[in-house]
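Step one of this worksheet: look at the structure below.
Only the coordinates and a few stated rules stand behind these numbers; no lab work does. Keep in mind the model is a prediction, meaning the values are calculated, not measured. Please note: Cβ atoms are built from the backbone with ideal geometry, for glycine as well, and neighbour counts cover all protein chains shown.
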Amino acid sequence: MRAQEDAMPSDLERLAFLGIDPASLDPAPSHRVRADWLARIDMHSPDRRRCCSCKALAVATRVVDLAELGQRWHDQCRDCMIAGIRLNWAAGRPMEGRYRVTLWTGDRPILEGWWDELATAEDKTTRWIHTFGSREGARVTLDDEAAGTRLTSWPEEP
């Protein structure tokens, strides 16, 4: 059996599924200082970046190490950053909220997010369908964790 961390998508797999060309990401310096990343996400910075996934204003950035391309900046909005956190059942549930939205490819969850309000979760479901629905094998589900029921499945399950 593979270790839990090996079961998670690699940075390259996640970028590819989200439709991000890794070569389009800005190169990151090998020795970063606070000013390097702060300029990318500070609301007052003239150099503030947009989310690599959905093009909303970025609020977080991280460096991904891509073997052939080296270290690159991966800028993210709040929603894409939160949704990108993979569930690690062995460590317990990393997010709280009654409603879970999951983006799947085949039988593998790629992105997950939890929200307390049904209206917010429904809005995220609609946005994820719009953003990721054209990807081959994409499926988006909305589950009520408290009731243990699936509220939405796109495309509809047979």
Quick check: pseudo-label points 7 Å beyond the Cα along Cα→Cβ at ALA35 and ARG150, how many nm apart are they?
5.2 nm
Using θ = phi - 60° and the Karplus curve 6.51 cos²θ - 1.76 cosθ + 1.60, what whole-Hz ³J(HN,Hα) does each residue of the range 126-139 get, with Gly and Pro shown as x?
4, 5, 5, 4, 5, 6, 10, x, 7, 6, 4, x, 6, 8
